[in-house]
Structure formats: C-alpha cells, structure tokens
Amino acid sequence: MARKNTKTRTKSKGSPTKRGKPKPRSTLIDIERLPLATFAEKAYLDYSMYVILDRALPHVGDGLKPVQRRIVYAMSELGLSAAAKFKKSARTIGDVLGKFHPHGDSACYEAMVLMAQSFSYRYPLVDGQGNWGSIDDPKSFAAMRYTEARLTRYAQSLLAELGQGTVDWGANFDGTLEEPRLLPARLPNVLLNGGSGIAVGMATDIPPHNVREVAAACIRLLEDQKTTVAQLCKHIKGPDYPTDAEIVTPPQELREIYDSGNGSIRMRATWEKEDTDIIVTALPYQASGSKVMEQIAAQMQAKKLPLIEDLRDESDHENPTRLLIVPRSNRVDCEQLMAHLFATTDLERTYRVNMNMIGLNGRPRLFNLKDILLEWLKFRIDTVRRRLQFRFDRVTERLHILDGLLAAFLNIEEVIRIIRKSDEPKPLLMKKFKLSDIQAEAILDLKLRHLAKLEEIRIRGEQEKLSKERDVLEKTLKSRVRLKKLVREEISEAAEDFGDPRRSPIVVREAAKAIDQQSLIPSEPITVVMSEKGWVRAAKGHEADPRALNYKSGDEYAHATQGRSNQRLITIDSTGRAYAVAAHKLPSARSQGEPLSSMVNAPPGASFAGVIMGSDDDKVLLSTDAGYGFVATLADITTKNKTGKTVLKVPKGAQVLPPQTVSDFDEDWVALVTNTGRFMVFMVGELPLLAKGKGIKMLNIPTKKFASREEYLAGAVVFSEGDHIMVYSGKRHLNMKPADIDHYIGERALRGSLLPKGFRQVQGIEVVKK
C-alpha cells in the first residue's frame, strides 16, 4: 500500500567552511514527500484530462474544440464578420496565441485552415482568401502571412447571442482577459460539421450531417422525447459529407451506428460512361485524385490490371473531379472493372464512427444519436432561457429608470429647484419623489435638451413598448411550452437560413469485389522448360522443341511440361518439397531463363527434379529412383508459401524423379526403366492416390544394389494407349511402339524384363504422343 502523504519540516545542516567555521543555518523548508507511483499516476491523469477536455474532444454544446472556439471568438473580436473586409490570417493567429491559446502557431493556423476548407468542413466557419489547400493535397495551403480570412455567415449561428448573457465566461490563460467557455450555438454544430481527435485513452470520429435533416430530428425530439433512434433515422438518413460521392453503407447498419454511437461508414466514388470511357465525377471524403491515379497506375505496371489502356486526370475549376479511365476494348465489363477498383483503391473508403464528446456535465463519454440531440436540446433550451432572462432583466431595469424619469418630468420645476439649491441633490430627490438610487442618478445625468415636451411623449412610448415586451418575456419564462415553441421556431428559422440539399446520396450497392488475378491473365498455351541446373523459361505454344533451345555453358535440358499461361507451375526439389510459381511471370524462352531458386525458398543444396502444370483436379505421378511412388492431385501439392510444402518422402540415398501428368487414372499406364535396362509396364490405377508420403514399391530393386547405386530407377513415365516410348542409352535411342511395349506388361513391384542388348545402359525415357 502507498503511504499517506506526509509533510516534514527539516533543517539543513551547515557544512564547515575552509576556515572551519560552520555556515549559518538556512530557514526551514517545507518538503512534500510522495510515493513515486502516486506522483506518476496523478501527473498522468492530469495530463490525460487536459488533453481530453482542452485539446482533443469537441463539446456537445457548440461542437468545437477549445482552439477552434478561440479562433472563432478572436475573429469576432477583430470584427471579421461575413460582411467585413478580409484581414491577414497572421493577425488572427497572433491574437489567438497572445490572448487565449498559448500553443504552437503552425498547429493553430492548421486548425483555422481546416475550418476554411469547403472540402473538409460541411459548413465552413472561416471564409478564406488565397491558397487554402486543395482536395488532392489539403496541406498545400500558403503561409499565414499570405492568406486572408473572415468569418462565414454560418459562424454567426455560433456567435449571434454571445453578448446576451447566454454562456459562462472565464479568465484566459494569464488572467488578463475573459473568454467564453462555450459559444451559444443555434444549431447542433457537433453533428453538422462533425470532428475527429485523438486523446489519451479515447478518440473521436463524428461524421458531418445535413442541417435540414438534423433540424427536423431536433424538432421531432423536442415535441416527443420518447422518440426512438429508428424514428429519428427517418429524418437523419445518414451522414452528409462535403462531397457528391455515394454512401453505400446499408440503412440497417447506419441505424445500428446511430444506436450504439460507433461503427464504420463506406463511401464510394460516383462514375458514369462517356462513349466507351469511364468518368469518375466525385471521390469519397478526403480521397485524393492523384493518389487514386497512382494506385491504378501501380496495378497496370504490375500487369495486374490489363483491362485498362490509359488514365488521365482532366480535373479543372469547372470540374473539380474528373478522372478518365480508358478500357482496353469495348468488350470490357465496366461494372466489374469499377467493382475491382472500388475494392483495391481509394475510390471506396471506410470511415470510422466513434461519437465521443464532452457532455454538459463536463465529462467525456460515448453518445448515440438520441443522446446527442437530447443533450444539445437541453443546452439550447437553457441558452434561450438565459437569453430571455438577460433581456427581461434589462427591460425591467430600463422600465424602472423610465418610471423615475417620468416622475421627474411631471415635477420638472421642483426637480430643477432642488438641483439648483442643493449641494447634494441626490438624497433630496430620492426622499422627495421616493426614487431609487439608480433613478436619481439617471435624473441627474439627464441633459438639458431632453427636457423638451416631446421627451415626455417618447418616454411614455418607450414605456409602453417595453412593458409589452416584459409581459411576453415573463410569460415565456414561466411556461415551458412557450419556451419549447420558441426554441422550435428558432431552429426552423436557422435551418431555413443555412440549410441546403443533401450532397452525399445514400445508395444500396453490392459489396465491391476485386477481380481474381487469375481471371485477368490471358490463357495461352505454353511449354515450360527446365534445365539441369534449375533454370526455367516459357515458350509460346505446345510445338516448341525443348532440346533445340540454347542453354548456358555446362547446362542442358532436363525436363519440360505443357500447360497454359494462367496456370501455376509446380516444381519439386530433391528433398521432396513442392513449390508453386505463376506461369505468366516466367521469362520468355528467347532468353536463357531465370533460376528457380530465385523464385522460391528451397533448402540449401537442394536441386530441382522437374516441373508440371495443370488444374487442381489433375493428377500427377510422384516417384523416386528407389522404385517407390504414388499418385496425387495438383491441389494436394500446391501451396502459396515460397518455402513450399513436403509432399514426397525421399528414401535415404534416393533421388526424386521428374513428376508425370496422369491424364486418365483408370486408363493410363506407367512405364519404368532402371539404369541397367530393366523395363516394366503396369496400369496407373494400381498405385494409391495419396496427398503425401513415400508411396509403394513400383519396381523391385535389390537393396544392396540400390545402396551402392549399382541399380536404380532411371525413369518413370505415364502414357496412354497408342503412345510410343523413347529409351535413351548413351548416344543411341530405342523407339518402342505399342506392340513392343506389350511384351513388358507385368505386375507391379516385380523386377521387370531386360531391354534388348545395346540398350541396357539407360539414361532416361520419354513419351512420344501418338
């Protein structure tokens, strides 16, 4: 447990001087001792509350953060109304920093710029002249010494009632001036302009809304406080950003956001067709057209978007957003193309909603839509009551003075006599005519020219007018119904004055879906060739002769497979691991290719046994020269990992043979040959269908002969009825026709039969299609 704070009084001990005399004792010093944990906790909490209340979160009353409120108030003090001349922004920022907000000038100016940008604020508070940034680059604004500013008409909705006793005032940072704690907003600005900020332990993201919709919801709630969020959503359809892009969040999700106070909103760019071209006419809130163009161009350069031929940004002053996308042909499905762009670029963006704000009790919390409106209506009703009370007090005070003046006019001769003959006329006037101190003072301050007969008529006329006003004010202050009616009328009047049509339409759209990259790749026949050292390349068509290609010095042909450019190339290494490579990314056969080791992460020292292509359902024979093997589907051995996956268990001392495509599991044959010329044929269906493993024995090789590498499997191929088999023995080759092959059909796992003399030193076999 932390110890309680204790204060101890200690005396500093004097230390001896060089002469040996002690220094005089110092005065007693108060030292407050605190545990480090307590001090750190208090300091952190103080800082947290300062950031939350004085910097990051808006207030539900006027919807402003302190810096924004101080900028608006300072501009009003400078006389920068909507009808005034522009003044340099540096003048405003100087006043704000020097009088109310002692922080960095750049941060303060940036807050002012944000309130002036029509593409950032739904209803800007500052009317700027000069370079205040652009949609593409909101922070490209000029320095404050170059720009000029004044308040907008909408800002008057925050300031119009400021000097009418509507809000509390407090001292500024140095106690020399007073500033308003809140501004008497006539509309719920916290919803109209929204806001964002990051505090300590909480953040806020409030989307902007439309004045007319919010005003209608306020009036509905003012008339019936039992109105539900769902009923309020009939008036407030959703956020209304300062852009013409579409809100594609479903209405049900919007209601859930307004009910809970948090969620996310999706916006999508609007587009239209112009002949065969696609024209993007509006971008999501705070999306940059140049960034969108860069994102699309990056996909085009990476060959991930062959459907687009050209891009152009034709935006200008008349068309702030006009992005031109030229499809490659008129056969391109524009709907599908745009759905892909929505899913992969900033043409569709998601915005977080987190309606944290400071309530009327001065505490931050999460509000839902109804809570915000109820809290603001409470603030507005109290503001109007204070304004009426302030006016009532002034009217009553003035009537009191007018009563005294009228009494003086009715007895003007006596008043003049008292004033002329008395050194202290004030007490005598008060006693003679039963006047108050204020009334007597007003009579004494009266100028001679106001003693005319017409002045009495003016006073009686003013009395009558103010009496009527006082009666109306008194009735309104005593009646909650009248007060609510007045608030409702003022909200309607403000909405009519500042309202405009909705900018962001709410449209139900299907979810954006990126185009499968495989479907974008052209399907062309190719032949993939691998060399002994693992270099691969792709030749167009299936007619290419792999053996006729040029190879690097010391390298030669090893294996080839046929497929299509939109398929994956599967390769298997000497450790039994399989890898997948996109075939369309392979280098052309006109070059000498690229090493497979640069495309995948194979174990150190591993070599590549062969390559194969096909669809996921296609089958492949996997085998080792130890005579073992099995059949697998390509789906089982395909992986997206560059490190591959283990599919074949390789016996000790064995090598992996090139994989072979199985066209028909029930009809195809397997031909096996050893280096010593033993040849055997059996049906593929005799082998098991596995996902991985060692397989079963296909041809019997004596263990001792295999261990000494005296005998091993030189080749294993899969062929169909009618195909020929070419056996390579040194520089000679044996073309085995179907009739010749029939002599070697036998049972799996036997020794097989010897080939003719002269062909018993075999290097490999190959299928020659019929």
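What the table shows:
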| quantity | calculated |
| --- | --- |
| Any chance ALA83 is surrounded by fewer than 23 Cβ atoms within 10 Å (Cβ to Cβ), under 21 Å from LEU162 (Cβ atoms) and touching a residue at least 24 places away in the same chain (Cβ under 8 Å) | no |
| Residue within region 468-486 that is over 30 Å from CYS218 (Cα atoms) and of a type in the set (Gly, Ala, Ser) present | no |
| Out of ALA538, ALA544, sole residue that is surrounded by 13 or more Cβ atoms within 10 Å (Cβ to Cβ), modelled with pLDDT of 90 or more and touching a strand residue (DSSP E or B) at 6+ places or on another chain (Cβ under 6 Å) | ALA538 |
| Options ILE491, ILE515; residue that is outside any helix (DSSP H, G or I) and surrounded by 15 or more Cβ atoms within 10 Å (Cβ to Cβ) | ILE515 |
| Number of the condition not met by LEU151 [criteria: (1) more than 18 Å from GLU77 (Cβ to Cβ); (2) open to solvent by less than 50 Å² (accessible area, probe 1.4 Å)] | (1) |
| Pairs with Cβ under 8 Å, 6+ apart, first in region 613-639 and closer than 28 Å to PHE679 by Cβ and open to solvent by 40 Å² or more (accessible area, probe 1.4 Å), second charged (D, E, K, R) and not in a strand (DSSP E or B) | TYR628/LYS694 |
| Top-ranked residue in region 264-290 [being of a type outside the set (Asp, Glu), assigned to a strand (DSSP E or B) and open to solvent by 30 Å² or more (accessible area, probe 1.4 Å); ranked as nearest to ASP346 (Cα to Cα)] | ARG266 |
| Whichever residue in region 197-212 is assigned to a strand (DSSP E or B) and out of contact with any Lys or Arg (no Cβ under 9 Å at 6 or more places or on another chain) and, among such residues, is surrounded by the fewest Cβ atoms within 10 Å (Cβ to Cβ) | ILE198 |
| Options LYS99, LYS139; residue that is closer than 12 Å to ILE71 by Cβ and either open to solvent by 10 Å² or more (accessible area, probe 1.4 Å) or part of a loop (DSSP other than H, G, I, E, B) (or both) | LYS99 |
| Positions within region 95-138 being of a type in the set (Lys, Arg) and within 17 Å of PRO320 (Cα to Cα), in sequence order | ARG122 |
| Test: residue in region 253-266 that is closer than 22 Å to LYS139 by Cα and either modelled with pLDDT under 95 or aromatic (Phe, Trp, Tyr) (or both) | no |
| Subset tally (residues that are open to solvent by 20 Å² or more (accessible area, probe 1.4 Å), touching a strand residue (DSSP E or B) at 6+ places or on another chain (Cβ under 8 Å) and assigned to a loop (DSSP other than H, G, I, E, B)) for region 591-601 | 3 |
| Neighbours by Cβ (under 6 Å, 6+ apart or cross-chain): first from region 729-758, open to solvent by less than 60 Å² (accessible area, probe 1.4 Å); second assigned to a loop (DSSP other than H, G, I, E, B) and hydroxyl-bearing (Ser, Thr, Tyr) | SER753/TYR744 |
| Identity of the residue in region 291-314, part of a loop (DSSP other than H, G, I, E, B) and open to solvent by 50 Å² or more (accessible area, probe 1.4 Å), that ends up nearest to ARG503 (Cα to Cα) | GLU314 |
| Boolean, ARG391 is surrounded by 13 or more Cβ atoms within 10 Å (Cβ to Cβ) and touching an Asp or Glu at 6+ places or on another chain (Cβ under 9 Å) | yes |
| Hits in region 217-263 - residues which are in a loop (DSSP other than H, G, I, E, B), within 30 Å of ARG482 (Cβ to Cβ) and either small (Gly, Ala, Ser) or open to solvent by 60 Å² or more (accessible area, probe 1.4 Å) (or both) | ASP224, GLN225, LYS226, THR228, LYS234 |
| Hey, ARG420 part of a helix (DSSP H, G or I), open to solvent by 70 Å² or more (accessible area, probe 1.4 Å) and under 25 Å from GLY165 (Cα atoms) or not | no |
| Filter pass, GLU532 being open to solvent by 80 Å² or more (accessible area, probe 1.4 Å) and in contact with an Asp or Glu (Cβ under 7 Å, 6 or more places away or on another chain) | yes |
| Condition broken by LEU337, with the remaining ones in (1) over 30 Å from GLY61 (Cβ atoms); (2) outside any helix (DSSP H, G or I); (3) open to solvent by less than 30 Å² (accessible area, probe 1.4 Å); (4) in contact with a strand residue (DSSP E or B) (Cβ under 9 Å, 6 or more places away or on another chain) satisfied | (2) |
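The values are calculated or read from the model by the stated rules, or taken from the named source; none is laboratory data. Given the structure is predicted, the values throughout are model-derived calculations rather than measurements. Here Cβ is always computed from backbone atoms with ideal geometry, including for glycine, and neighbour counts include all displayed protein chains. Each accessible area value is taken on the protein alone, full model and side chains, heavy atoms only, with ligands, DNA and RNA left out. Shrake-Rupley method; radii C 1.70, N 1.55, O 1.52, S 1.80 Å.
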